[in-house]
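Below you'll find the structure, written out as structure tokens, and then a few comments.
The values are calculated or read from the model by the stated rules, or taken from the named source; none is laboratory data. Everything numeric here is computed off the predicted structure, so don't read it as measured data. Heads up, the Cβs are rebuilt from the backbone with ideal geometry, glycines too, and the neighbour counts pull from every protein chain shown.
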């Protein structure tokens with residue numbers, strides 16, 4: 001028999017049947033091809049990218065050191081960059097990290113994939129916050145785990161649920177985003193962090209601490225990482241994607257030397273190493289220009305946009321829509337009235353050229369339909385206000401139309 | 001109970017126990033830290049990297065289009081680069097490829113990982129050439145397949161064995177490197193290619209055609225890809241690593257649109273996309289400078305080094321050492337006398353500051369110990385001759401010492 005379109009499917013792995021394309025990325029792809037006003041992505045504002053500085057860095061690296069930067073390198077990554085990352089944590093978190101504890105990855109997304117490869121056999125149990133990062137749900141799903149969830153409140157993950165789950169079962173890891181979480185924008189408080197660390201310390205499991213937004217802080221003090229509170233049982237993920245530019249795909253993992261060695265072997269089999277050129281260009285940039293000043297510029301603009309979004313929502317959205325004010329990061333998390341369906345709002349708003357992400361996509365199970373994620377980092381100020389006014393009208397109209405009365409009377 | 005160094009291992013996946021660090025990369029890492037003369041790696045000659053042209057391209061991209069090149073992009077890759085790759089195949093192989101059939105990957109190594117994710121459940125059967133690329137053995141091993149092997153002769157893979165294996169079982173794919181194979185340097189002849197395509201056409205399986213070296217041709221005509229002979233059942237992998245520079249980690253997959261869509265979803269979960277900057281820089285390079293002229297320079301130098309290695313082996317190696325003259329690529333494959341152990345030769349040669357890779361590492365099972373891979377692309381001409389003379393002496397000494405007689409008499 002010959003392979004035909006109809007028989008190809010029988011050759012695919014179980015995994016390939018399970019993993020679905022990301023709804024967000026499909027929306028974004030559509031948006032990229034049109035003039036939509038998008039609150040949907042988690043994209044940084046491109047005018048903030050230090051393109052001219054990176055141009056000079058790239059030119060310098062290639063002219064002075066091109067033969068090395070264009071050659072294969074070791075899987076762990078470019079040592080001066082690993083050292084820079086380790087030293088910055090020492091300054092900020094006051095705990096020593098050896099450069100050998102730093103693995104450079106192709107963005108944090110690859111870190112999630114390598115960690116899944118290291119820990120997950122089919123049927124293994126993991127814990128995620130509810131709701132959580134869609135890309136993590138999608139990545140873990142490739143390895144067929146059983147995903148348990150803990151609720152996320154304004155203070156942090158529900159400690160009772162976390163305690164119960166970690167005590168009862170064989171949990172491989174607890175995946176958490178303590179700073180300005182995607183999608184909720186929530187930050188775990190200090191006492192929540194200490195409680196989480198204490199619970200995990202009593203268990204035989206790991207924390208995967210994903211921290212892409214920690215440096216995008218508007219208000220409040222910096223808080224300690226879970227890694228600094230429980231280094232032996234925490235794998236910390238960082239990335240330059242939100243700090244500098246995502247097009248470079250350079251992130252990192254901080255873990256014990258034993259775990260780094262294991263992840264390195266898996267990374268070697270996965271892509272040999274991350275772009276050597278991008279690693280050297282980033283390192284040149286970090287040593288020639290002022291990162292802290294750059295981060296201040298990023299935080300200032302995003303903080304301003306958060307304020308504008310906040311003002312517009314106050315002005316135009318009905319009181320039934322509730323939200324917490326994010327103190328950093330890129331997202332507002334909205335809750336609508338109980339019967340409200342955010343996906344239906346999206347259908348209507350797309351006709352007006354406005355997109356966002358309905359919250360249902362961020363739940364590993366039992367989706368909640370009256371929620372939505374709104375990004376504020378990537379929309380110009382004037383478009384933002386105007387579009388949120390339009391959305392406010394749509395929400396109000398839907399609420400009027402969705403009154404329970406219409407459910408009690410049959411349509412003609 | 002608390003997690004300690006001794007209990008961590010219990011959390012690792014089955015996969016993590018199976019995958020071993022690459023012996024070659026461990027040797028290379030050691031070599032990189034010393035002044036070894038290395039015939040071990042598969043590294044391109046760095047003085048051939050077009051570093052100045054790439055410096056200009058990087059500067060141009062970042063100054064003129066930095067906001068786009070530094071932003072997230074779609075998973076499939078930068079469309080102008082995908083179009084360039086598709087059009088080049090049309091010119092060279094005379095079959096039309098739609099840009100939608102091109103997926104940009106982080107080197108061919110990632111393509112192998114994505115293909116494994118798409119096809120392999122534990123226990124699935126695949127076929128490899130014997131011997132084959134170590135990085136592929138290592139990558140596939142993450143997914144616990146059963147690896148069947150077909151012998152590789154001067155003409156190509158053994159057709160009878162291939163026929164038998166593809167007819168009897170549920171083979172997911174046949175992985176092959178038809179041009180200047182790693183490690184043997186062998187190229188499949190035209191009639192072998194047609195036979196392979198005919199055998200696979202009668203089966204329900206796929207060809208994974210890995211072609212990193214096809215453009216590094218010294219002698220003979222270009223031959224058709226297996227993909228051009230059997231497009232519906234062949235997934236073709238290409239890379240800029242050997243053509244331009246491996247530090248960029250930019251490769252590609254050519255397949256049917258259905259397979260590309262499936263691979264794209266898996267890539268999205270694995271690293272979102274490959275470096276956008278590197279893709280744009282490469283595209284700028286390809287459209288501003290003459291790739292064919294560059295490839296001619298690469299082939300000329302490697303061809304010269306092959307000749308020098310050949311002359312030195314003729315002059316200094318005993319007649320017991322046999323090899324086929326590679327017509328392209330980067331490697332000689334050596335066979336020693338039956339009782340010879342190449343790993344023992346390596347132990348001795350390392351003391352003289354010379355390294356190469358014993359052939360035993362390239363077998364998925366039943367390793368052959370009297371073989372070795374010698375790379376000629378990355379060693380300067382004068383060092384090459386001198387080091388091969390030293391190796392020739394070591395081989396001759398070992399042969400005298402390894403005479404069967406010593407096995408018949410007990411040592412005192």
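The residue that is nearest to residue B:55 (Cα to Cα), counting only those in the range A:68-105 that are within 14 Å of another protein chain (Cβ to nearest Cβ) and part of a helix (DSSP H, G or I), is A:69. The set of residues in the range B:173-224 that are under 19 Å from residue B:127 (Cα atoms) and surrounded by fewer than 18 Cβ atoms within 10 Å (Cβ to Cβ) comprises B:194, B:198, B:201, B:202.
For (1) in contact (Cβ under 8 Å) with a residue 60 or more places away in the chain; (2) outside the structural domain of residue A:256 (by TED's automatic domain parsing); (3) under 16 Å from the mean Cα position of the chain (by Cα); (4) within 21 Å of residue A:243 (Cβ to Cβ), each residue gets a yes or a no:
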site: A:65; (1), (2), (3), (4): yes, yes, no, no
site: A:77; (1), (2), (3), (4): yes, no, no, yes
site: A:83; (1), (2), (3), (4): no, no, no, yes
site: A:102; (1), (2), (3), (4): yes, no, no, yes
site: A:118; (1), (2), (3), (4): yes, no, no, no
site: A:123; (1), (2), (3), (4): no, no, no, no
site: A:142; (1), (2), (3), (4): yes, no, no, no
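Residue by residue, here is whether (1) farther than 23 Å from residue B:188 by Cα; (2) in a loop (DSSP other than H, G, I, E, B); (3) free of Cβ contacts under 8 Å to residues at least 60 places away in the same chain holds:
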site	(1), (2), (3)
B:337	yes, yes, no
B:350	yes, no, no
B:369	yes, yes, yes
B:394	yes, no, yes
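If you check B:152, B:112, B:134, which single one turns out to be under 30 Å from residue B:278 (Cα atoms) and either surrounded by fewer than 24 Cβ atoms within 10 Å (Cβ to Cβ) or not assigned by TED's automatic domain parsing to the domain that holds residue B:238 (or both)?
Details: B:152 fails: under 30 Å from residue B:278 (Cα atoms); B:112 fails: either surrounded by fewer than 24 Cβ atoms within 10 Å (Cβ to Cβ) or not assigned by TED's automatic domain parsing to the domain that holds residue B:238 (or both).
Sole residue among the options that is under 30 Å from residue B:278 (Cα atoms) and either surrounded by fewer than 24 Cβ atoms within 10 Å (Cβ to Cβ) or not assigned by TED's automatic domain parsing to the domain that holds residue B:238 (or both): B:134.
Checked against the criterion of being surrounded by 14 or more Cβ atoms within 10 Å (Cβ to Cβ) and part of a loop (DSSP other than H, G, I, E, B), the range B:296-311 has no qualifying residue.
Only one of the numbered conditions (1) farther than 29 Å from residue B:278 by Cβ; (2) part of a loop (DSSP other than H, G, I, E, B); (3) touching a residue at least 24 places away in the same chain (Cβ under 8 Å) is not met by residue A:319, and that is (3).
For the range A:240-272, filtering for residues that are at the interface with chain B (Cβ under 10 Å from one of its Cβ atoms), under 22 Å from the mean Cα position of the chain (by Cα) and not in a helix (DSSP H, G or I) leaves 6. For the range B:13-50, the set of residues classified as out of contact with any strand residue (DSSP E or B) (no Cβ under 8 Å at 6 or more places or on another chain), crowded, with 18+ Cβ neighbours inside 10 Å and modelled with pLDDT of 70 or more consists of B:13, B:15, B:16, B:19, B:44, B:45, B:46, B:48, B:49, B:50, listed by residue number. Taking (1) within 10 Å of chain A (Cβ to nearest Cβ); (2) at pLDDT below 95; (3) under 26 Å from the mean Cα position of the chain (by Cα); (4) in a helix (DSSP H, G or I) in turn, residue B:8 satisfies each apart from (3). Checking A:315, A:255 one by one, the residue that is in contact with a helix residue (DSSP H, G or I) (Cβ under 9 Å, 6 or more places away or on another chain) and more than 30 Å from residue A:57 (Cβ to Cβ) is A:315 and no other. Residues satisfying the criterion are absent from the range B:51-67 (criterion: buried (at least 17 other Cβ atoms within 10 Å of the Cβ) and either in a loop (DSSP other than H, G, I, E, B) or at pLDDT below 95 (or both)). A Cβ distance below 6 Å, combined with a sequence gap of six or more or placement on separate chains, defines the contacts here; from the range A:11-22, residues that are at the interface with chain B (Cβ under 7 Å from one of its Cβ atoms) reach residues that are modelled with pLDDT of 80 or more and assigned to a loop (DSSP other than H, G, I, E, B) in the pairs A:13/B:120; A:13/B:121; A:14/B:121; A:15/A:142; A:19/A:142. For residue A:247, the stated conditions hold: it is touching a helix residue (DSSP H, G or I) at 6+ places or on another chain (Cβ under 8 Å) and at negative phi.
Given the residues A:401, A:359, which is the only one that is within 21 Å of the chain's Cα centre (by Cα) and either modelled with pLDDT under 95 or closer than 19 Å to residue A:27 by Cβ (or both)?
Values: A:401 fails: within 21 Å of the chain's Cα centre (by Cα).
So the residue among A:401, A:359 that is within 21 Å of the chain's Cα centre (by Cα) and either modelled with pLDDT under 95 or closer than 19 Å to residue A:27 by Cβ (or both) is A:359.
Selection within the range B:130-149: residues that are within 14 Å of chain A (Cβ to nearest Cβ) and touching a strand residue (DSSP E or B) at 6+ places or on another chain (Cβ under 9 Å). The member of this set that is nearest to residue B:172 (Cα to Cα) is B:145.
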